[in-house]
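What follows is one structure encoded as structure tokens, with my remarks underneath.
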Amino acid sequence: MRKVLMKGNEAIGEAAIRAGCLNYFAYPITPQSEVAEYLSKRMPEVNGVFLQGESEVAVGYMIFGAAACGARVMTTSSSPGISLMSEAISYIAGAECPAVFVNIMRGGPGLGGILPSQADYLQATKGGGHGDYRLLVMAPASVQEAVEMVMQAFPLAEKYRNPIMILGDGLIGQMMEPVVFPDDLKTEPGNKNDWATNGMDFRGSDKRNLVRSLYLDPEVLNAQNLKLKAKYEQMKREEIRYESYKTDTDYQVLIVSYGTMSRVCKTAIDNLLEEGIRVALIRPQTLFPFPEAAIRQAASAKSCRVVMSIEMSMGQMLEDVDRSVQGRLPVEWYGKCGGDVPTPEEVADSVKSFLQKYSKE
Amino acid sequence: MQSEVMFAGFGGQGILLSAKILAHAGMEQGFEVGWIPSYGPEMRGGTAYCTVVIADKPIGSPIIRNPKHLVAMNRPSLEKFAPVVKPGGVILINSSLISIGSNRPDVDELAIPVNDIATAAGSLKSANIVALAAFVARSGIVDNEILRECIREEFAAKAKLIPLNMKAFDEGVKAAQKK
């Protein structure tokens, strides 16, 4: 496959088509509007549907409708738009339909700004909408990885009959990098007859498919929640992904960081090594399920003095890192969230100050 | 090896496009590349800047505060970014619009009347290509011929613009050699 230079947002749109997603509904918002722009041109070329909804609330339910019919469907948005879709996401999770949501995060809260941010970590991993549901959340750190994750997201959504979220920051959407597209997915949702309202005659079944999230009987609702919980436990067993960087050294500091921020950390780590300071990185590629065990193990290294959560948010992932380390080491935070991505120099300064603090004790 | 080039100027001067063509040429030559725009609330007539990173290993931080080189298409860009360029880099100054120098004795300063050359070549709109060609000829950051092919490819859908841009390319290279 030929290597092409593509903007993250456009590559995400192309990846959806190559994954067999022929339904894309969205409402424009910076910094991801190029996905819609790209697909408004490409979807008609492949006999797919591009539809700009009247609002993100409407788009959320269009996604629900298409998913209920057994179609591969995706939307993309940015932070405030995802908030508006969160009600529908909860319904889709409750009704066990597969769908892919992409959040190219911008600064918040409220309208915030349009520059890169990671401030929707808790919204993506802990809820956003109401009720006991989880999203499988994948966090790309390059345009190539964004493409791969989008293409993997559809089969995963179908495997779990659950919405998947790709959580990228504004830079992932706006940057251009070389991309090699994986082979097109030739598959259809193989299990769609389990839920899709595609007609009993059509699927040759005598079982009605009813897509719903309303269960008034408390015992039935409890059973439904237990069923959902079992799926999320299965995700924790089967879907955790992370990258380790320099963890085979006698590192003094362990950084946990994801997305664009993790790349800045890698450069900082390389620069610090030239000064004789050894730092390792765990980069979660899935934020839910979170690589707890890997972080705990990495934090058990004898040489390590402190664990740092470095994020473009005010200590959101810090809660998960802290939970993973289980008190073995101090856990500290560094980050910014106005849209100015911290530089490698700023990261290095922060690492040095914490290392100094904990080397004395 | 990693080099960073900042392209800066007014919105509408083709800053993002010339940066994209350079990134494309870097990729075709087998390098790792990144094209990182400033996507603040810029608009036509406002300032626009964009960084291209070219490296022989995977690119870490896409956030570059101190680029190795600068292509400054207007005066505010030169004033803002000349002080942050790394020593030893190239600073290309569009002397059609900029009457001052970079005040950086530790860099390779190249003043070229980019707008005038583009106008003489057929259209002011090709000023970004003149600047790109001159910068690449001087810095040697990518192969000139690969760059030429990438310019041709960029305009493939608007073939009637190819001769104009090829002329702009040649004139840009020539201007860099004269200095």
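The values are calculated or read from the model by the stated rules, or taken from the named source; none is laboratory data. Since the structure is predicted, the reported quantities are computational estimates derived from the model, not experimental observations. Methodologically, a virtual Cβ is constructed for each residue, glycine included, from the backbone with ideal geometry; neighbour enumeration extends over all protein chains shown. Areas reflect the complete protein model, heavy atoms only, side chains present, ligands, DNA and RNA absent. Shrake-Rupley method; radii C 1.70, N 1.55, O 1.52, S 1.80 Å.
Along each of the three principal axes of the Cα atoms of chain A, give the extent in whole Å, ordering the values from largest to smallest.
Sorted largest first, the three principal extents are 72, 49, 39 Å.
When the convex hull of the C-alpha atoms of the range A:242-360 is computed, what volume per residue in Å³ does it have?
Cα-based convex hull of the range A:242-360, divided per residue, equals 91 Å³.
Can you tell which of A:Gly259, A:Gly127, A:Gly107 shows the greatest fluctuation in a Gaussian network model of chain A with Cα springs below 10 Å?
Among A:Gly259, A:Gly127, A:Gly107, the largest GNM mean-square fluctuation belongs to A:Gly127.
Within the range A:242-360, count lysine pairs with alpha carbon atoms under 16 angstrom apart where the residues are 8 or more positions apart or belong to different chains.
Eligible lysine pairs with Cα atoms under 16 Å apart amount to 5.
State, in angstrom, two size descriptors of the range A:17-103 derived from its alpha carbons: Rg to one decimal place and Dmax to the nearest whole number.
11.8, 34
Which order do the peptides B:118-127, B:167-176, A:92-101 come out in when sorted by mean C-beta neighbours inside 10 angstrom, highest first?
Descending packing order for the listed peptides: A:92-101, B:167-176, B:118-127.
What whole-number distance in Å separates the alpha-carbon centres of the range A:42-108 and the range B:114-131?
45
Once fully extended, how much extra length lies between A:Arg212 and A:Asp340, figured as 0.36 nm per residue of separation less the alpha-carbon to alpha-carbon distance?
Full extension of this stretch gives 41.8 nm more.
Would you grab the residues whose amide H sits under 5 Å from the one on A:Val306? Only those 5+ places off in sequence or on another chain, please, with H modelled 1.01 Å from N.
Long-range HN contacts for A:Val306: A:Leu254.
Taking chain A as a Gaussian network, Cα atoms linked when under 10 Å apart, which of A:Met62, A:Met235, A:Met175 shows the biggest mean-square fluctuation?
Ranking A:Met62, A:Met235, A:Met175 by mean-square fluctuation puts A:Met175 first.
Determine, for each peptide in B:53-59, A:115-121, the mean count of other beta carbons within 10 angstrom over its residues, then list the peptides with the highest first. Don't skip to the answer; put the middle values down first.
On the way: B:53-59: 16.6, A:115-121: 26.0.
Result, highest mean Cβ count within 10 Å first: A:115-121, B:53-59.
For peptide A:293-302, how many partner chain Cβ atoms fall within 10 Å of a residue's Cβ, on average?
0
Where does the charge balance sit around A:Glu37 when Lys and Arg score +1, Asp and Glu -1, over other residues with C-beta under 11 Å from its C-beta?
That sum, taken over residues with Cβ under 11 Å, equals +1.
Going by average Cβ density within 10 Å per residue, which order do the peptides B:108-117, A:16-25 take, highest to lowest? Let's see the in-between values first.
On the way: B:108-117: 21.0, A:16-25: 23.1.
Packing order, densest peptide first, comes out as A:16-25, B:108-117.
Output the direction-averaged projected area (hull surface divided by four) of the convex hull of the alpha-carbon atoms of the range A:232-276, in nm².
On the way: hull surface 16.6 nm².
For the range A:232-276, the mean projected area of the Cα convex hull comes to 4.2 nm².
Quick check: convex hull over the Cα atoms of the range A:174-329, volume per residue in Å³, rounded to an integer?
Each residue corresponds to 207 Å³ of Cα convex hull volume.
Relative to 2.2 N^0.38 Å, what does the C-alpha radius of gyration of the range A:41-199 come to as a ratio? Two decimals please.
Normalised by 2.2 N^0.38 Å, the Cα Rg of the range A:41-199 equals 1.01.
Specify the inter-centroid distance of the range A:157-184 and the range B:1-64, based on alpha-carbon positions, in whole Å.
22
Hey, got the average number of other protein chain Cβ atoms within 10 angstrom for residues in B:27-36?
4
Counting Lys and Arg as +1 and Asp and Glu as -1, what is the net charge of the other residues whose Cβ lies under 9 Å from the Cβ of A:Arg18?
Working: positive: none; negative: A:Glu14, A:Asp183, A:Asp184.
Charge balance near A:Arg18 sits at -3.
Keeping every protein chain present and rolling a 1.4 Å probe, give me the accessible area per residue for the protein assembly as shown in Å².
Using a 1.4 Å probe on heavy atoms only, each residue of the protein assembly as shown averages 41 Å².
Quick one: Kirkwood hydrodynamic radius for the range B:5-70, alpha-carbon pairs, angstrom, one decimal? Before the final figure, lay out the partial values.
Working: mean 1/r = 0.0823 Å⁻¹.
Evaluated over the range B:5-70, this radius sits at 12.2 Å.
Give me the compactness ratio for chain B, meaning the Cα radius of gyration over 2.2 N^0.38 Å.
Here the Cα radius of gyration is 0.93 times the empirical estimate.
Provide the percentage of antiparallel DSSP beta bridges, counting only those with both residues in chain A; round to the nearest 5.
If I count the DSSP bridges inside chain A, around 25 percent turn out antiparallel.
Checking the table A:Lys192/A:Lys231; A:Lys186/A:Lys229; B:Lys86/B:Lys125; A:Lys186/A:Lys207; A:Lys186/A:Lys236 against a 24 Å threshold on Cα-Cα, which pairs fail?
The pairs that break the limit, which is 24 Å between Cα atoms, are A:Lys186/A:Lys229; B:Lys86/B:Lys125; A:Lys186/A:Lys207; A:Lys186/A:Lys236.
Per residue of B:54-60, count partner chain C-beta atoms within 10 Å of its C-beta, then hand back the mean as an integer.
Per-residue shielding by partner chains comes out at 3.
Among A:Gly110, A:Gly204, A:Gly339, which one shows the biggest mean-square fluctuation in a GNM of chain A, springs joining Cα atoms closer than 10 Å?
A:Gly204
Using modelled amide H (1.01 Å from N, peptide plane; none on Pro or chain starts), what sits under 5 Å from the amide H of A:Ile166, excluding residues fewer than 5 places away?
Distant-sequence amide H within range of A:Ile166: A:Phe101, A:Val102, A:Asn103, A:Met138.
Per DSSP helix of 4 or more residues, -39500 (n - 2.57); summed, then divided by the residues of chain A. What does that give at 222 nm, rounded to the nearest 500? Don't skip to the answer; put the middle values down first.
Numbers: 13 runs with 156 residues, N = 361.
It comes out at -13500 deg cm²/dmol, rounded to the nearest 500.
What is the percent of Cα-Cα separations in the range B:73-179 that go past 18 Å?
Beyond 18 Å sits 48 percent of the P(r) for the range B:73-179.
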